[in-house]
Each structure stands twice: as C-alpha cells, then as structure tokens.
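One structure below.
The values are calculated or read from the model by the stated rules, or taken from the named source; none is laboratory data. For clarity, every value in this text was computed on a predicted model and none was experimentally measured. Quick reminder, even Gly has a Cβ in these numbers, built from the backbone with ideal geometry, and neighbours come from all protein chains shown. Accessible surface areas use protein heavy atoms only, side chains included; no ligands, DNA or RNA. Shrake-Rupley method; radii C 1.70, N 1.55, O 1.52, S 1.80 Å.
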Amino acid sequence: MALYSPFTAANKFGLGLQPGEHTEIDKDPKGWLIAQLPLADRLPPRYAGMGNAAQLIEMADTDYRQRISFQQDNQLTADEQAQIRIAQRRSTTLQREQSNQRLAVAIESDTPFAERLVRFWSNHFSIALTNNKPSLVHAGLPYENEAIRAHINGRFEDMLLAVAQHPTMLIYLDNTASFGPNSPAGRQRNRGLNENYAREMLELHTLGVDGGYTQDDVIALARMLTGWNVNLPAQTGTRPDPQSPAGGFFYYALLHEPGAQQLLGKTYADTGLRQATAAIQDLARHPSTATFIANKLARHFIADQPPASAIAALAKVFTDTQGDLPRVHQALVELDEAWDPGMQKLKSAEDFIVSTVRALPGIPLTEDVLGILNDTLSSFNQRPFTAPSPAGWPEQAEHWGGPDALMKRVEFINMVAGAVGPDFDARDIVALILPADAALQLAIRRAESKTQALALLLASPQFQWRA
Amino acid sequence: MSNTDANRLNRRQFIKTAALLASAGSLPGLSWANSAISGDNKLAVIILRGAMDGLSAVIPYGDAALSGHRAALVPADNTLLKLDNFFALHPAFSGLYQLQQRGELGIVHAVASAYRERSHFDGQNILESGLETAQSNPSGWLNRAIQVQTQQQAMALGQSVPLILRGQASVGSWAPSVLPAINDDTLSRLQNLYNNDSFLGPRLQEALNARDIVGASMENSRSVQGFAALVDAAASFLNAAGGPNIVVMENDGWDTHANQGAAQGILQRKFTELDNSITQLKTGLGATWQNTVVVVMTEFGRTVRVNGSLGTDHGTASVAFLAGGGLVKYGSRPAVLGPWPGLSESMLRDGRDLQPTNDLRSLIAEILQSHMGFPGSLVHEVVFPGLVAGGLRLS
C-alpha cells in the first residue's frame with residue numbers, strides 16, 4: 001500500500017505545487033489527480049479565439065507562396081517588401097502569443113495532471129515547426145488542442161486517427177508528398193511513395209521499433225495512407241477541393257495507391273480512405289502498442305528506468321480497456337510504484353520554469369513576463385514544438401541535467417531571486433512545495449538573506465527532481 | 001545538449017527579465033523624475049547582509065578578554081590601524097582610516113537594532129522596517145521617512161527594491177545591465193546541497209570546475225565590479241541635478257560561519273571591498289561629499305568566541321559606520337562612540353554575544369534629524385514609532 005503524498009501528487013504527476021494548493025491536495029492526493037481526468041479535454045480559456053489549424057496553415061501557406069512569387073521576379077518592389085514585412089510581423093506576433101499563452105496555461109493550471117497528460121501525448125505524437133515546412137509555423141498549438149486535447153478522454157485509436165487526419169502531422173511527416181505510384185496522379189506526374197509518416201507511425205506512435213514490423217509493413221502502410229492529404233493548392237492554382245475548408249484534412253482519391261495491402265500478415269482490401277482507417281485501428285489494438293505506450297507513460301511519469309511490473313500493469317489496462325485513455329491514466333495513478341519516493345524524474349527545462357513560477361504566486365503573467373520566460377525556455381533549448389526529432393523531447397535525466405544545463409538553471413534562479421527575493425519567504429515556501437528535507441530546510445534557514453534563501457530553494461537539487 | 005554560443009543564456013534577456021519580474025512584484029513605481037528638486041543634503045545607506053562581525057571590523061584590542069575569545073581571528077598587533085589605545089580598525093580599512101584622520105568617519109560600536117533573536121530573515125526585516133518586531137509585509141523606515149517629505153527622493157541601486165525603501169512613497173531603482181553575478185557564498189551553499197545528490201552533484205561540480213577554469217578571473221573581477229558599479233552609479237545619481245538625494249545599496253556575503261580569517265581571508269576581502277567602495281564613493285561625489293553622510297549597517301553581530309570552524313556564528317551587537325564630509329560639522333569626538341560593554345565573560349549577552357549599548361534606530365534618528373532635517377516628531381512617530389527621543393549614548 002503506497003503512501004499518497006501530496007507532494008508526489010503535485011510535483012511528480014503535476015506541474016509543481018503552488019503554495020496555496022496544499023490543503024486541498026492533502027485531503028486526498030490520489031483523488032485530486034483522478035478528479036482532474038474528466039476535465040482534461042477542456043480547452044483552457046486562454047486559447048479561446050486563437051484560430052484553428054486549418055485557418056492558420058492556410059494563412060501561413062498563402063504568405064509563403066506570396067513571398068516566393070515576389071522573390072521570383074528578382075527585384076522586390078517597395079509594395080512587395082511592405083507586404084512581406086506585414087506578413088512577417090503578423091507571424092511573429094502570433095507565434096509569441098501562442099508560446100506565451102501555452103506557458104501561462106501551464107503556470108495557471110488548476111488541473112496540472114490533466115495538462116501534463118495533454119503535453120505527454122502531444123510529445124508522443126510530436127510535431128516540430130521546422131524551417132522547411134513554412135505552412136506549419138503557427139500549427140503546433142492548434143494541433144495540440146485539436147488532435148490531442150480534444151481526444152484525451154477517448155480511446156488511443158481515436159487519438160491516433162485524429163493525429164493521422166490532422167493537417168499538421170500530414171505535412172510534418174511528409175504524407176502530403178506521398179503519391180501512390182500507380183494512382184492516377186502518381187502515374188501522370190511520375191511520383192511515388194514517401195514512407196516517412198508510415199514508418200514513424202509504426203516506430204514512434206504504435207508498435208515501437210522492436211514491435212515486430214518489417215520494411216514491407218512500412219511500405220504497405222505508406223501505400224494505404226496515400227491520399228491522406230491537406231486541402232491546399234499544389235504549386236499554383238486552386239486547392240483540390242474548393243468546397244471544403246482550405247488547410248484542413250482532405251482525402252485525395254487521385255493520389256491513393258490502388259489495390260489490397262498486407263500489413264502484419266493481415267490483408268486490407270482497397271476501400272479508399274477507409275483502408276488506412278482499418279489498419280490504424282488494428283495498429284492501436286496490437287499488443288506491441290499496449291506495451292510500447294505503457295513503457296512511455298511509465299518512463300515519463302515514474303522513472304527513466306521504470307519497474308517492469310509498472311509497465312506490465314499499464315499494458316494490461318491498456319489491452320483490457322481497448323486503449324481507453326482515462327482508464328489508462330487512472331491506472332497510472334493507482335500504481336504503487338508511481339508513489340515510491342525512490343522513483344524520481346529530473347524536470348525538463350519547461351517543467352523547471354513552470355514549477356518555478358508556480359512556486360512564486362503573485363508574479364503577474366503579463367505579456368512581457370511571459371515573453372521573457374519563453375526566451376529563457378529557448379535558451380534552455382526547449383521552445384515549444386521544436387523537439388529535435390519526431391521522437392519528441394527526450395526523457396532521460398542525462399539529457400536535462402548536464403553540467404552546463406544545471407549551471408544555466410542556477411543562473412536563471414539567481415536572477416529570479418535577485419528580482420523577487422524580498423517578496424517571498426523561502427522558509428515558508430519550502431514546506432509548502434517540497435517534502436520535509438532537513439538539509440534543505442537548514443540551508444534555507446541559515447541563508448544570509450531572503451534573496452539567497454529563495455535562490456537556494458529553487459536552485460536546490462530537491463527542486464530539480466519530480467519525486 | 002549542444003552548448004554552442006548561440007544557446008548560451010542571453011544575458012540581455014535575463015536583465016530584462018529581472019527588471020520585469022521586479023516591477024511586477026509589490027514594488028512602487030519609478031516616477032520620481034518629475035518630482036520636486038531634492039534636498040541639498042545627501043544620505044547613502046549601505047546594508048551589509050549576513051551580519052558583519054563588528055569585533056573584526058573595529059577591534060577592541062585593548063580589551064583584555066579579546067584574545068581569550070578569538071585569538072585566531074585577530075590580526076597581528078603591528079598591522080592594526082589603531083584609533084586610540086583601545087580600538088583599532090582592521091588593516092583592510094586603510095581608506096576608512098584616512099577618513100577618520102580627517103574627521104569624516106564615525107564609528108558606533110556595540111550597536112544593534114531592536115532585534116534580539118538570531119535569524120537573518122527577521123533580523124533584516126526589523127533592520128529595514130525599523131519596527132520592534134518582524135512583520136510579514138511591513139513598510140521600510142526610509143520609505144516612511146520620505147512619504148511626507150516630497151523634496152526627498154530615494155533610489156535603490158540593485159536588482160530589486162529592498163524592504164527599507166518599500167512602501168507608499170515612490171522610489172526609483174537602477175541596476176547595471178549585466179547579469180547579476182552569482183555570489184561565491186551562494187554557490188558554495190548550493191554545492192553543499194548538491195553533494196548529497198549522487199546524480200546532480202558531480203554534474204554541478206563539473207560545471208563549477210569549468211567555470212573556474214574558463215572564467216575565474218572574469219567572474220571575480222565581475223563580482224567586484226558588480227558592487228563597484230553600484231557605487232559609481234550612486235555617486236552619479238546623487239550628483240545629478242533633480243536626482244535622488246537618498247540612495248540605498250546592498251552588499252551580501254557577510255555570514256562568515258567558517259574560516260573567516262584574520263589579517264587575510266574571506267572577511268578581509270569583504271572589508272577591502274567595503275573600504276574601496278566608500279573611497280570610491282567619495283571620489284565619485286567630489287564636492288557633494290561635503291554634504292553627504294553614508295550609513296553602513298548590518299542586521300546583527302556575531303559571536304564573540306571563534307567557533308569550531310574558525311568562523312563566528314550569529315550574535316547580537318555589531319558596528320555601524322558613518323562616513324562623509326557631512327560629519328565634519330559635528331566637531332571633534334572620540335574615534336569610537338558608544339559605551340563599551342566589555343568582553344569579560346559576565347558581560348556577554350547570553351554568555352556569547354557582544355551586549356548592545358545603543359539602539360541603531362537612535363543613531364539613524366540622529367542623522368535623519370540633524371543631517372537630513374527631518375522633524376523629530378516625524379522620526380519618532382512615523383519612521384521609528386515608539387523610539388524614545390534622545391536615546392543615543394555617545395559615551
């Protein structure tokens with residue numbers, strides 16, 4: 001029987017204790033987490049009216065096409081330069097707004113476990129806003145809300161499908177550039193498959209690299225996914241389906257590879273769009289997927305090397321419930337291993353910054369403050385939606401806790417404490433945000449000033465870990 | 001993670017952050033610039049955070065009990081800067097010694113705030129609030145002093161406005177545009193915490209080693225420059241027409257629990273820094289020095305006896321320094337003011353501390369009235385409510 005510590009609930013499952021939250025969580029730490037699950041798909045009010053992915057992709061795509069067309073005639077007119085500047089300024093403003101709001105949502109969240117689950121799945125189905133995908137420049141946040149958050153209380157296969165039909169993922173992993181070699185469009189333009197998304201769906205999103213698939217399976221899935229596309233014009237001209245919204249998901253039958261395909265020993269008849277849908281459902285229900293997801297959840301929430309028992313228990317719930325996500329999430333909370341204080345995770349840079357500000361209530365989240373916290377996050381190499389690969393942000397403590405990264409954390413805290421030290425009393429805060437630790441409390445009590453005490457608290461090793 | 005230069009912390013961003021975070025807190029605004037012309041007389045307050053060992057700063061070498069308590073902390077007799085046949089300045093205070101020769105230094109020994117416990121937090125709270133007890137969000141005594149004196153303008157030099165200047169009156173603040181240096185004391189305290197962490201401990205150690213190799217000289221000079229830059233700025237602000245006539249500077253790193261040294265060492269380096277700062281302030285102020293008083297104060301003193309790690313622990317009474325050309329008008333006086341309680345066993349407070357013989361508030365009240373021209377009623381009712389007038393004992 002585990003001891004349900006409120007610190008574990010808020011620091012390990014959540015985004016860091018806020019001094020005022022303590023009494024509420026104390027009553028029933030585990031219940032506090034479970035009660036958040038039904039609320040996980042709420043759209044935070046800060047995100048209201050920020051635009052959907054289709055609109056934002058279409059806008060960025062249009063801007064990009066315009067810039068290219070201007071640049072083709074070598075000499076930019078003053079009017080063209082002005083138009084480019086306006087578009088760039090609008091884009092910069094929107095990017096900053098999105099990053100700021102996303103940071104504020106985490107800092108303010110009153111359902112921090114639910115918010116972390118959203119970010120876990122968003123990172124599982126990682127997308128990145130890279131320079132060679134100019135239409136995605138604003139698509140990260142709406143993707144997280146539309147494909148991930150909106151489906152977090154459904155089944156895994158619902159989320160997998162929503163991701164697969166989301167324009168952001170289709171563009172990011174090049175499915176929009178994949179043509180059935182024998183499709184009408186493929187034949188006419190002599191184009192072929194792009195395997196990128198099919199491979200990552202098998203390797204990173206479902207079965208895992210050792211999940212038992214072959215190169216033939218990658219090709220079969222890639223063929224089935226041909227035609228899963230985005231309603232945007234090709235080089236020039238009009239979009240494929242003028243009737244449906246620009247920038248949204250669009251099944252482009254002219255690109256679909258005809259014929260039945262064999263994936264993992266099972267034959268899928270050519271039913272057009274539904275061919276890949278059927279394959280995706282089976283992938284979601286595959287035993288390898290249950291184990292792979294269980295492993296990732298355990299590595300994210302419990303420890304870099306989680307106990308096999310925890311992975312097995314999560315995989316069983318995943319299988320038994322056919323990937324019912326709220327029940328899998330609850331199972332995570334029910335694991336004794338997750339409450340073991342010996343199991344700990346080093347905070348990522350984002351978690352570290354978020355938990356720092358959560359520990360210091362009263363700092364108003366103005367645009368300036370948020371913007372600068374985001375600049376700090378960039379200097380820690382964790383700008384939102386810029387993970388280094390489709391595998392998402394790494395999990396291991398070795399990644400987040402290198403010597404230079406630690407020194408940056410100390411420098412950041414030294415600056416924060418220098419700025420707000422006189423406003424906070426670390427002697428009170430320490431007991432409200434971290435489990436009793438005699439050495440830390442003594443160091444804080446012995447600090448020579450409030451500023452130094454706050455610096456010691458937030459730069460302490462105890463504050464770097466989730467436990 | 002890659003460590004290219006482009007990924008290094010952007011110092012300019014950090015400064016911006018610090019300023020914004022500070023302005024986002026419970027701080028007053030920055031609108032003094034349009035206010036009335038400031039008064040002619042200037043006041044500079046330097047707060048030494050961490051509790052300065054007054055017995056090392058101004059050494060009662062004539063007290064027969066001194067060496068029995070702390071021989072290891074007393075510099076050799078022939079290095080002392082003797083003020084009379086009883087007291088001497090620590091050898092690091094050559095600048096203060098020169099000021100003393102010119103009548104520009106005042107020393108009050110065995111002085112303490114109203115605080116009688118031994119917490120830095122509460123001690124600094126009371127030092128800066130000027131109240132009898134520590135409170136959670138008090139105003140600062142210097143802010144209360146200028147609330148109704150609109151010709152008086154104050155400015156904090158540093159990353160944040162310290163408690164002493166917090167309150168209803170608007171005050172300015174200024175910090176140099178470099179990332180605040182991490183003080184060595186804070187780093188060494190952090191290292192102690194990290195030593196117990198088998199994963200992070202060695203990594204922080206590696207980072208500190210790299211820092212030593214790459215930036216030791218740079219870091220050191222930067223941290224000295226850090227306070228020196230504040231002092232330079234203080235002189236400029238006090239000299240500026242229409243600028244503040246009151247400035248506050250904070251200096252930390254005085255909590256010398258271990259290896260504080262005697263003629264050389266940790267405490268000597270702090271003394272040298274303080275001594276240089278005051279000399280530098282005099283130079284920077286030029287003619288303004290003549291109507292300036294600098295008050296140097298700390299939250300409490302340190303134990304009379306050396307402790308088991310060649311340092312000293314939290315005590316009660318310490319020393320306050322006054323410096324400035326503005327002191328000349330007070331005429332000739334003993335080098336060290338205030339009754340000396342003595343260091344014999346029976347005279348120690350709680351058997352360990354220097355017994356206070358003066359209330360620091362009484363000293364400040366005197367400066368506020370006679371140098372800054374604040375009415376006595378304001379000083380004793382608003383600035384230091386409940387402080388009895390005429391409490392300062394000069395001998």
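See the values below:
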read-out: Failed item, numbered, when A:Ala405 is tested on (1) more than 7 Å from chain B (Cβ to nearest Cβ); (2) in contact (Cβ under 8 Å) with a residue 40 or more places away in the chain; value: (1)
read-out: Elements of type helices (runs of 4 or more DSSP H) in segment A:51-153, at least 1 residues being of a type in the set (Asp, Glu); value: A:53-72, A:78-108, A:112-124
read-out: Residue, modelled with the highest pLDDT, within segment B:199-228, restricted to residues that are within 19 Å of B:Leu157 (Cβ to Cβ) and out of contact with any strand residue (DSSP E or B) (no Cβ under 9 Å at 6 or more places or on another chain); value: B:Ala228
read-out: All positions within segment A:408-422 that are within 7 Å of another protein chain (Cβ to nearest Cβ) and small (Gly, Ala, Ser); value: A:Gly418, A:Ala419, A:Gly421
read-out: Hits in segment A:162-187 - residues which are within 18 Å of A:Ser389 (Cα to Cα) and either open to solvent by 10 Å² or more (accessible area, probe 1.4 Å) or outside the structural domain of A:Ala147 (by TED's automatic domain parsing) (or both); value: A:Ile171, A:Tyr172, A:Asp174
read-out: Some residue of segment A:212-222 being buried (at least 20 other Cβ atoms within 10 Å of the Cβ) and farther than 18 Å from A:Asp282 by Cβ; value: no
read-out: Those residues of segment A:422-442 which are among the hydrophobic types (A, V, I, L, M, F, W, C), within 27 Å of B:Leu48 (Cβ to Cβ) and in a loop (DSSP other than H, G, I, E, B), in sequence order; value: A:Phe424
read-out: Residue within segment A:40-47 that is outside any helix (DSSP H, G or I), open to solvent by less than 30 Å² (accessible area, probe 1.4 Å) and not polar (S, T, N, Q) present; value: yes
read-out: Exclusive hit being at pLDDT 95 or above, polar (S, T, N, Q) and surrounded by fewer than 24 Cβ atoms within 10 Å (Cβ to Cβ), set A:Asn190, A:Asn132, A:Asn123; value: A:Asn123
read-out: Residue count, segment A:443-467 (criterion: in a helix (DSSP H, G or I), facing chain B (nearest Cβ under 8 Å) and either open to solvent by less than 10 Å² (accessible area, probe 1.4 Å) or over 28 Å from A:Phe301 (Cβ atoms) (or both)); value: 11
read-out: The listed residue being closer than 30 Å to B:His314 by Cα, among the hydroxyl-bearing types (Ser, Thr, Tyr) and open to solvent by less than 30 Å² (accessible area, probe 1.4 Å), out of B:Ser188, B:Ser129; value: B:Ser129
read-out: Verdict on A:Asp425 being modelled with pLDDT of 90 or more, closer than 30 Å to B:Leu165 by Cα, open to solvent by 30 Å² or more (accessible area, probe 1.4 Å) and within 12 Å of another protein chain (Cβ to nearest Cβ); value: yes
